[in-house]
Structures are given as C-alpha cells and as structure tokens.
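Scroll down for the structure; my scribbles are underneath it.
The values are calculated or read from the model by the stated rules, or taken from the named source; none is laboratory data. Remember, it's a predicted structure, so these values are computed and weren't measured experimentally. Cβ: placed from backbone, ideal geometry, glycine included. Neighbour counts: every protein chain shown. These accessible areas exclude ligands, DNA and RNA; they are computed on the full protein's heavy atoms, side chains included. Shrake-Rupley method; radii C 1.70, N 1.55, O 1.52, S 1.80 Å.
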Amino acid sequence: MSVTTVVIIAVVALLIGGLIVWLIQSTALKSRTDYIIADAESKAKAIHDKKVQEATAKYQNLKNEFDAQVNQRNSKLQQAESKVRQREQQLNQLQAEVSKARAENDATRESLKNQQQIIEQRKIELDKLRKQENERLEVISGLSAAEAKERLIEGLKEEAKTDAMAYVNEIMEDAKMNANKEAKKIVIQTIQRVATEAAIENSVTVFNIDSDELKGRIIGREGRNIRALEAATGVEIIVDDTPDAIVLSAFDPVRREIARLALHQLVTDGRIHPARIEEVVAKVRKQVEDEIVETGKRTTIDLGIHGLHPELVRLVGKMKYRSSYGQNLLQHARETANLCATMASELGLNPAKAKRAGLLHDIGKVPDDEPELPHAILGMKLAEKYKEKPDICNAIGAHHDEVEMETLIAPLVQACDAISGARPGARREIVEAYIKRLNDLEKLAASYPGVLKTYAIQAGRELRVIVGADKIDDKETETLSYEIAKKIQDEMTYPGQVKITVIRETRAVSYAK
C-alpha cells in the first residue's frame with residue numbers, strides 16, 4: 001500500500017471521526033437547549049400567573065374603594081337633597097306667613113290711619129275748648145296766660161329748689177347715719193394701732209463745741225476755713241457770741257447733716273484747713289448717701305414692701321432728712337403706709353398695694369432736681385418712670401386731687417394722708433399762714449348776702465355763720481351752709497375737714513370733706 005493511500009485513508013477516517021463527534025455534540029447541545037427553553041417557559045408562566053393574580057387583587061381593591069367613595073358621595077347627595085327639600089318647605093311656609101302678616105299689617109295700618117284722623121279731629125276740638133277756658137280764666141283772674149304761666153313757673157322752681165335741697169340734706173344725713181359708725185370704728189382702730197412719734201425738724205442745726213477757742217480755728221485766717229466749709233457744703237455757718245455753739249443754717253436738712261458731721265470730724269481730728277475740709281466733706285457726703293440708701297432699705301424691710309426700684313428706695317431714705325409743716329416726712333410716710341394697710345384690710349381691699357402707695361405718696365417732695373410741678377404729679381411721674389403699677393401711680397398723683405381718682409386705693413391714701421397730717425401734734429404751721437387761713441375762712445363766708453357775722457373756731461376746723469332772721473329763712477339756711485361748704489372745698493386748702501354751722505332760729509350743718 002502506498003503512502004498516498006494511507007494518507008487518504010487517514011484523512012477520511014479523521015473526517016468521519018470529526019463528523020461523528022460533531023453529531024454527538026449537536027445532539028447533546030440540542031437536548032440541553034430544549035431543557036433550558038422548557039425551564040424558562042415554566043418560570044415565565046409562573047411569573048405571568050403571579051402578576052395576573054396581583055393585578056387582579058389590586059383591581060379588586062381599587063374597585064372596592066371606588067365603590068365606597070361612590071356610595072359615600074351618593075349618601076351626601078341624598079342628605080343635601082333632603083336639606084334642600086326641607087328649606088324649600090320652610091321658605092314656602094315663611095312666604096305664606098309673610099303674605100298673611102302683610103295682609104294683617106295693611107289692615108292694621110288702615111285702622112290706625114282712621115284712628116289718627118279721629119284723634120286729630122278731637123285734638124282740634126280740645127284746643128278750641130282749652131282756648132275758651134283760658135280766655136274765661138284771664139277774664140276771671142285779671143292775668144294774661146303768659147303772666148299766669150310765669151308766676152306758676154317761678155313758684156314751681158322755688159318749690160323744686162327747696163325740695164331738692166331738703167332731699168339732698170336728707171340723703172346726706174341718711175348716709176352719715178349709715179356710714180358714720182363704721183367709718184369712726186375703722187379710723188379709730190387704725191389710729192390706735194398705728195402710734196408713731198411726732199418728729200419736729202427746723203431749718204437750723206446747733207453744733208456744740210467744747211470751748212470758744214475752736215471758733216477761731218473754724219473761722220481760720222481771714223475766714224478762709226469757714227468760707228471753704230460753706231462753699232463745700234452749701235450751708236450758712238453762723239459764728240456769733242452764743243457760748244459753746246455754732247449755728248448751721250440751710251433749708252435742706254441733708255446739707256445741714258453733711259455740714260454737722262464734717263464739722264464733728266474736723267474738730268475731733270484737729271486739722272482744719274481748706275484742703276482737709278474738702279476731703280472730709282466729700283467723705284461725709286458719701287457716708288450720708290450710703291445712710292440714705294440704708295434707711296430706705298430698712299424702711300421697706302420694716303414695712304414688708306418688696307420689689308421697689310433702687311432709686312425709689314433711695315428717695316424713701318431721703319425722706320428722713322425732710323419735713324413738712326414740721327412733721328418728719330419719713331415718719332409721715334411710714335405712718336400713712338400703716339394706716340392705708342390697716343384700713344384696706346378693714347375694707348376688704350389689697351393691703352400690700354395700699355401700703356406701697358401710702359409709703360410712696362410723698363416721694364415728689366424729695367426729688368434730686370426741683371421741677372415746677374406739684375409734688376403729687378411729680379411723685380406720680382417718678383413712680384411711672386420706675387415701673388410702678390398704674391393703680392399705685394394714680395393713688396400718688398390723686399392724693400391732692402391733681403388727677404382724677406381711678407381706683408379705691410386713691411381715696412384711701414388721701415384719707416390716710418389727711419389723718420396722719422391732721423392729728424394733734426403732727427404738724428405745726430407758721431403763725432402768719434395759720435392766721436391767714438382763718439381770715440380767709442371768715443371772709444369767704446361773709447361774702448354771701450344775709451350773713452351778719454362769721455367766726456372760725458377750733459383752729460379753723462369749724463366755721464360758725466350767723467345770718468339775719470329777716471334776710472334768710474329756715475330753708476335758705478340749708479342752701480347757704482351747703483354752698484359755703486362747697487366753695488371752701490373748691491377754693492381753699494386745709495387739713496382734715498371744716499364744719500360749717502349756719503345759725504338762725506334753726507341750724508343747718510354740712511361738712512366740707
């Protein structure tokens with residue numbers, strides 16, 4: 001066998017073997033492909049069935065929700081239709097009632113028109129009869145209608161005036177009878193429970209020294225020491241022949257106290273010269289300021305008043321060095337505060353607010369500057385500035401009637417201020433002012449017609465008016481006493497109250513409060 005044949009046979013065998021292998025692989029591949037396709041189709045069918053079920057369930061849920069909404073809307077529409085039908089029925093009923101009422105009103109209007117015509121006709125007839133009657137009366141009395149009417153009006157006016165005055169006095173007496181007992185009880189209990197000393201302040205302070213030799217040292221060479229002391233303190237220092245004493249004169253008690261303490265330190269230390277004087281005065285001024293603040297704090301603590309602005313506390317302490325008609329201002333403020341608290345408790349008001357207003361009512365007398373304002377208005381503005389409550393500010397401003405009273409605390413503070421200032425021994429007046437007030441009282445009452453004599457007695461707390469019996473009758477005395485009391489109340493300033501007694505054959509008494 002040749003080589004070529006062998007090669008051909010080998011190639012053919014190789015081709016046949018490759019074909020067989022290919023056939024075998026093709027058969028296996030087809031079987032695997034068929035398996036994969038079948039498996040994919042099975043999974044696709046399962047997924048399709050699942051999605052169909054989910055879609056079906058979702059569709060069913062949406063359908064149920066839609067049906068529920070439709071049913072709800074149908075229900076609301078039915079209710080709305082029912083309400084519309086009811087309102088239509090009501091409107092029809094109202095229209096029927098309106099028509100009926102309109103018909104009745106037309107009938108009533110026609111009837112009223114007929115009655116009005118009858119009334120007008122009768123009125124014309126009545127006017128004719130009245131005119132005839134007036135003509136007869138004029139003929140009988142000899143007076144015209146105008147004259148008779150004028151006389152009648154004058155008589156009625158006089159009668160009404162007398163009746164009104166008697167009614168006023170009757171009401172006042174009734175009020176006094178009902179309120180006087182309780183008022184006296186409250187005032188007496190309050191005064192008894194609040195007992196304080198009456199402190200008297202002067203415009204001069206006497207500084208005692210051990211020997212007259214110190215006077216020369218205080219005066220200094222050519223008066224330089226005393227001039228330096230006066231310039232530093234603002235106090236006039238009077239060195240005269242009075243043995244062992246130097247007089248400090250100033251209207252401001254704070255300045256006098258600073259000068260007194262400075263002199264005391266200078267005399268004790270022995271070094272008296274202008275530089276030392278200025279140093280000591282500055283130191284003492286600081287001490288007095290601290291004492292003022294401490295006094296204010298101590299006062300508020302003693303009275304149980306909390307939350308005051310520090311500047312108000314300082315002004316309260318400053319009251320210690322002020323006086324009013326000889327009455328120490330701090331003692332007066334404390335006394336007024338205690339009176340207010342006691343009376344407020346008795347009357348069922350707030351005692352804390354009343355005490356606060358009573359303590360602060362005179363802070364307008366101790367400002368750092370001196371504006372041209374009444375002290376009550378100035379005190380009210382200071383209280384407003386430092387955030388006090390409106391009722392407290394109003395009570396401060398109204399305690400001398402500069403502003404209108406808005407709360408019950410305001411008249412309470414006014415009454416307690418008068419009680420504290422008017423009680424015996426609390427204050428002292430300058431003789432000239434006292435005499436002038438009594439003269440003004442007598443002149444005011446003497447200015448009325450029919451008054452013969454006037455007497456101001458009991459230190460101006462009672463005014464007796466003697467009238468002529470032939471000039472004023474008994475009823476007019478009541479009017480006169482009331483008018484005098486009103487005029488005194490409006491035009492004069494006085495402590496407490498003034499009793500006006502008009503004397504004729506009878507006496508009529510009124511009070512200016």
Give the residue that is modelled with the lowest pLDDT, with candidates limited to residues of segment 430-458 that are in a loop (DSSP other than H, G, I, E, B) and either in contact with a helix residue (DSSP H, G or I) (Cβ under 8 Å, 6 or more places away or on another chain) or open to solvent by less than 50 Å² (accessible area, probe 1.4 Å) (or both). Gly450
Mind checking which residues of segment 284-317 are open to solvent by 20 Å² or more (accessible area, probe 1.4 Å) and under 15 Å from Ala383 (Cβ atoms)? Gly307, Leu308, His309, Pro310, Glu311, Arg314
For residues that are free of Cβ contacts under 8 Å to residues at least 12 places away in the same chain and surrounded by 15 or more Cβ atoms within 10 Å (Cβ to Cβ), tally how many sit in segment 269-278. 1
Segment 247-268 - residue that is modelled with pLDDT of 75 or more, open to solvent by less than 20 Å² (accessible area, probe 1.4 Å) and among the aliphatic types (A, V, I, L, M) and, of those, nearest to the chain's Cα centre (by Cα): Val254
In the set Ile171, Ile118, the lone residue that is assigned to a helix (DSSP H, G or I), hydrophobic (A, V, I, L, M, F, W, C), at pLDDT 80 or above and open to solvent by less than 100 Å² (accessible area, probe 1.4 Å) is Ile118
Residue pairs qualifying under the 6 Å Cβ cut-off, at least six apart or on distinct chains, with the first in segment 78-104 being exposed (fewer than 10 other Cβ atoms within 10 Å of the Cβ) and the second being modelled with pLDDT of 85 or more and of a type outside the set (Ser, Thr, Tyr), are none
Could you tell me whether segment 61-77 includes any residue that is at pLDDT below 85 and of a type in the set (S, T, N, Q)? no
Number of the condition not met by Tyr321 [criteria: (1) surrounded by fewer than 23 Cβ atoms within 10 Å (Cβ to Cβ); (2) under 22 Å from Glu257 (Cβ atoms); (3) without any contact (Cβ under 8 Å) to a residue 60 or more places away in the chain]: (3)
Within segment 313-326, which residues are of a type outside the set (S, T, N, Q) and touching a Gly at 6+ places or on another chain (Cβ under 8 Å)? Val313, Arg314, Leu315, Val316, Gly317, Lys318, Tyr325
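Taking segment 368-405, which residues are part of a loop (DSSP other than H, G, I, E, B) and either under 15 Å from Val316 (Cα atoms) or without any contact (Cβ under 8 Å) to a residue 24 or more places away in the chain (or both)? Before the answer, list the steps.
To start, the set of residues in segment 368-405 that are part of a loop (DSSP other than H, G, I, E, B) comprises 368-374, 386-389, 399-405.
Selection gives Asp368, Asp369, Glu370, Pro371, Glu372, Leu373, Tyr386, Glu388, Asp401, Glu404, Met405.
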How do the pairs read when you match residues in segment 468-480 that are of a type in the set (A, V, I, L, M) with residues anywhere that are at pLDDT below 80, using Cβ under 8 Å and keeping only pairs 6 or more apart or on different chains? Ala469/Glu505; Leu480/Ala508
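Let me confirm something: among Val316, Val288, Val284, which residue is assigned to a helix (DSSP H, G or I), under 22 Å from Ala357 (Cα atoms) and either at pLDDT below 85 or aliphatic (A, V, I, L, M) (or both)? Can you show your working first?
Working: Val288 fails: under 22 Å from Ala357 (Cα atoms); Val284 fails: under 22 Å from Ala357 (Cα atoms).
One residue alone meets the criteria, Val316.
Name every residue in segment 219-238 that is surrounded by 17 or more Cβ atoms within 10 Å (Cβ to Cβ), in contact with a strand residue (DSSP E or B) (Cβ under 7 Å, 6 or more places away or on another chain) and touching a residue at least 12 places away in the same chain (Cβ under 8 Å), in order of residue number.
Going through segment 219-238, the residues surrounded by 17 or more Cβ atoms within 10 Å (Cβ to Cβ) turn out to be 219-220, 225-226, 228-230, 232-233, 235, 237.
Imposing the further condition that a residue be in contact with a strand residue (DSSP E or B) (Cβ under 7 Å, 6 or more places away or on another chain) reduces the set to 226, 229-230, 235, 237.
Passing the criteria: Ile226, Leu229, Val235, Ile237.
Would you check which residues across segment 469-493 are in contact with a Gly (Cβ under 7 Å, 6 or more places away or on another chain) and surrounded by fewer than 18 Cβ atoms within 10 Å (Cβ to Cβ) and list them? Walk me through it before giving the result.
Of segment 469-493, the ones in contact with a Gly (Cβ under 7 Å, 6 or more places away or on another chain) are 471-472.
Lys471 - this is the single residue of segment 469-493 that is in contact with a Gly (Cβ under 7 Å, 6 or more places away or on another chain) and surrounded by fewer than 18 Cβ atoms within 10 Å (Cβ to Cβ).
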Checking the structure you have, find out if any residue of segment 331-339 is surrounded by fewer than 21 Cβ atoms within 10 Å (Cβ to Cβ), within 25 Å of Glu406 (Cα to Cα), charged (D, E, K, R) and under 24 Å from the mean Cα position of the chain (by Cα). no
